[in-house]
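Notes to accompany the following structure.
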2 protein chains.
Amino acid sequence: MSYSLPEFLAHAVALEHEAAERYLELADMMEAHRNDAVAAIFRDMNRFSKMHHDEVKARAGALELPRLKSWEYRWSAPPEQGGEEAFDYMLEPYNALRYARENEMRAREYYRSVAAEASDPEVKRLAAEFAAEEAEHVAALEQWIAQTPRPAMAWDADPDPLQPAP
Amino acid sequence: MSYSLPEFLAHAVALEHEAAERYLELADMMEAHRNDAVAAIFRDMNRFSKMHHDEVKARAGALELPRLKSWEYRWSAPPEQGGEEAFDYMLEPYNALRYARENEMRAREYYRSVAAEASDPEVKRLAAEFAAEEAEHVAALEQWIAQTPRPAMAWDADPDPLQPAP
């Protein structure tokens, strides 16, 4: 995974664009369910991703970036993958925040691994910088998660939907 | 999961659009690797998805369709999720075909479950019809898979990459 600069920038552009789109979805969803506090968090995250996207585009300048396959940059699906179930699941602010954190962690690990393996010094420098930004997002989401009531259904296991979470 | 007609049509439009896009990616990838036979299959699948998409749009007519969240209709990621690994993995026509089949099966199951649970008779009828179309795609992909050499690395398990598949 030792990228050229255009390859790396293409990944960063796609990743930030994808993140911005997903934060907008999450914000709209929270707003529709009258959770303005969590909607505001996701709108902030959307803005950060967009700004980062624009910075990376500016850095790319006239460089021609390769086209990527969708699975090279997409956010993971919510843990209850699929149609309606995922939707219901995601309506809980706690789950939506954890979902966002998962994806920010994936992005952070991605940038870290690029930084570790890059032979191009500019790729190394940029990837380390982007990893640090993602780490800040993870930390911010963790703070919010700590302040958000946990729903009855737990994240990792749901042995019996009628039982409250331990 | 008992949809109104506009809700159901929104899912079908999004699902077919997503499938068309992914088939185009797969076709381009196969073509770049000089596998014209498999590229042609994916171009056919792309065309079928597009046609189906357009039919559903025509059926929707002036109905206003709700906006969906991305995870309500997206193709799954390849099994070796992530960046470069998924890409390498998908370069094998056998894996790409199995990946496509997985997603067609998901679509078929989705339409079947809607047909089973729908209370609106028109939703029930359309969902059953769409499920039958997806079943044809699954069958076509299965035929191609049977004719495609299996790569050394197996789909479900890769206990040791140096060992050939059993």
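FYI, it's all coordinate maths here, none of it is from the lab. Nothing here was measured: the structure is a model prediction, and the numbers come from that model. For neighbour counting, all protein chains shown are included, and Cβ atoms are generated from backbone atoms with ideal geometry for every residue, glycine included.
Distance between the C-alpha centres of segment B:13-61 and segment A:22-85: 25 Å, rounded to the whole angstrom. Seen from every direction in turn and averaged, the convex hull around the alpha carbons of the protein assembly as shown projects onto 19.6 nm². Each 5 Å bin from zero holds the following percent of Cα-Cα pairs in segment A:59-115: 4, 15, 17, 19, 17, 11, 8, 6, 2.
Taken about its Cα centre, chain A carries a charge dipole of about 400 debye when Lys and Arg each add +1 at the Cβ and Asp and Glu each add -1 at the Cβ. Put +1 on the Cβ of every Lys and Arg and -1 on every Asp and Glu Cβ in segment A:1-111; which of A:A14, A:A40, A:A58 then has its Cα farthest towards the positive end of the dipole? So the residue we want is A:A58.
Evaluating kT/(6 pi eta Rh) at 37 °C and 0.692 mPa s, with the Kirkwood radius of segment B:1-95 over Cα pairs in the Stokes-Einstein relation, gives 224 µm² s⁻¹.
For B:E55, inter-copy separations between label points set 7 Å beyond Cα along the Cβ vector come to 4.9 nm, shortest first. Ranked from shortest, the separations from the 7 Å Cα-to-Cβ label point of B:A116 to its equivalents in the other copies are 4.3 nm. Return the subset of A:K50/B:K69; A:K124/B:K69; A:K57/B:K50; B:K57/B:K124; A:K57/B:K69 for which the Cα-Cα distance in this structure is over 23 Å, preserving the input order. Result: A:K124/B:K69; A:K57/B:K50; A:K57/B:K69 exceed 23 Å. Averaged over the residues of B:68-80, the number of partner chain Cβ atoms lying within 10 Å of the residue Cβ comes to 5.
Segment B:99-119 and segment A:104-124 have Cα centres spaced 38 Å apart.
Sorted from closest to farthest, the other copies place their B:S2 label points 6.2 nm away, with each point set 7 Å from Cα along Cα→Cβ. With q set to 0.09, 0.13, 0.15 Å⁻¹, the log10 of I(q)/I(0) for chain B, from the Debye formula over equal scatterers at the Cα positions, is -0.34, -0.66, -0.84.
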